[in-house]
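Below is one structure, written out as structure tokens; the observations come after it.
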Amino acid sequence: GTVIIAEYTVETGYTILIQHENNIISVYRHAKSVLINNGDFVNTGQAIAVYGNSGVLSSGKHLHFELWNDGKSLNPENYIEF
């Protein structure tokens, strides 16, 4: 997909949003650092960030992950085999 946001916010720390096919957006928050830039194209399996504990809403080292489609949240288990 294409990186549409790779930036730091006070609330969510280092945050990445990636636009995928079928109007799906993946969201990653609270990273220690990002390894990509706005506008980059990323492939499956490519490292995009280092997980961490950034932002005031973080409660410890972790990766916050979301999937969205047309403004509605999606259950990642319906799209990704964990």
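Read-outs throughout are calculated quantities, based only on the coordinates presented, and are distinct from any laboratory measurement. Keep in mind the model is a prediction, meaning the values are calculated, not measured. All Cβ positions, even for glycine, are placed from backbone atoms using ideal geometry, and neighbour counts span all protein chains on display.
Annotations
- Count of segment 3-26 residues which are surrounded by fewer than 18 Cβ atoms within 10 Å (Cβ to Cβ) and on the phi < 0 side of the Ramachandran plot: 11
- When residues of segment 27-40 are limited to those that are aliphatic (A, V, I, L, M) and within 21 Å of SER59 (Cβ to Cβ), the one surrounded by the most Cβ atoms within 10 Å (Cβ to Cβ): ALA31
- Cβ-Cβ distances below 6 Å connect the following pairs, each with a first residue in segment 53-70 that is touching a residue at least 24 places away in the same chain (Cβ under 8 Å), a second residue that is of a type in the set (Gly, Ala, Ser) and assigned to a loop (DSSP other than H, G, I, E, B), and a separation of six or more residues or different chains: ASN53/GLY60.
- Residue that is nearest to the chain's Cα centre (by Cα) [pool: residues in segment 19-42 that are farther than 16 Å from ASP70 by Cβ and part of a strand (DSSP E or B)]: TYR28
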